[in-house]
Amino acid sequence: MRNPIRQGADWLICLRAKVEADWFMPAVMAVFIALRIAVLFVGPLPQGSDYGWYLARATEMAAGMDYQENGFITAFWPVGWPAFLAALFKLTGPSVLAGQLANLVLATLACLLTARLGEELFRDRMVGRLAALMLAIFPNQIGYVPELSTELFFECML
């Protein structure tokens, strides 16, 4: 009969070997990007509530207007995300798809940074790689890509 402690150790050794394999991070990133691209093409997502507000402000700023609400210059909501979108819209023209693709790039960068941060903080490559895997399949993170919300921008900046 096998010792259950030894069996658990064997499982961990097998897991560590797979996670530290050269193919692991490219596979995680392929899953990460594929899931988010799939969500982008499920169907058009209306940019309502806050997301619509950010889109409208970014479109106005890209057209040379001030950061304003109904003609009044405002700082009610932070300007960082609308300013980023406005800079993007200066290059691409106002486009929800451009903002969504920027979200995909920001999310991908955040995932790579998460892997690196996990590795550095815990001095273990497996921790960072497993954190990246969890981020890759976490539905909440997948769902942020089609919305022009602040979350991915500030997650990446953090």
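The values are calculated or read from the model by the stated rules, or taken from the named source; none is laboratory data. Just so it is clear, the model here is predicted, and its values are computed rather than measured. When we count neighbours, we look across all protein chains shown, and the Cβ atoms used for this are built from the backbone with ideal geometry, even at glycine. Remember, those area values only see protein heavy atoms, side chains included, never the ligands or the DNA or RNA. Shrake-Rupley method; radii C 1.70, N 1.55, O 1.52, S 1.80 Å.
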Helix-only mean residue ellipticity at 222 nm, the chain, DSSP H runs n ≥ 4 weighted -39,500 (n - 2.57), per residue, nearest 500. What is it? -23000 deg cm²/dmol
Given H placed on each backbone N at 1.01 Å, which residues far from Glu69 in sequence or on other chains put an amide H within less than 5 Å of it? Thr74
Are there chymotrypsin sites (Phe, Trp or Tyr not before Pro) in the stretch 1-103 that DSSP puts in a loop and that have at most 13 other Cβ atoms within 10 Å, and which ones? Trp23, Phe41, Phe76
Which of the following values of percent of Cα pairs over 29 Å apart was calculated from the structure shown: [x] 16; [y] 34; [z] 57? [y]
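Just tell me, in residue order, which DSSP H segments of the chain are both 30 angstrom or longer along the helix axis (alpha-carbon based) and at least 1.0 in mean Kyte-Doolittle hydropathy.
Long hydrophobic helices here: 96-122.
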Cut-off 10 angstrom, C-alpha nodes, Gaussian network model of the chain. Which of Ala38, Ala62, Ala83 fluctuates the most? Ala38
What is the spin-label model distance, in nm, from Arg116 to Val31 if the labels are put 7 Å beyond Cα along the C-beta direction? 2.3 nm
Carbon plus sulfur, as percent of the 1.4 Å-probe accessible area of the chain, comes to 70 percent
Tell me the per residue accessible area of the stretch 1-115 using a 1.4 Å probe; a whole number in Å² is fine. 61 Å²
Just add up the charged neighbours of Pro94: K/R +1, D/E -1, any other residue whose Cβ is under 14 Å from the Cβ of Pro94. +1
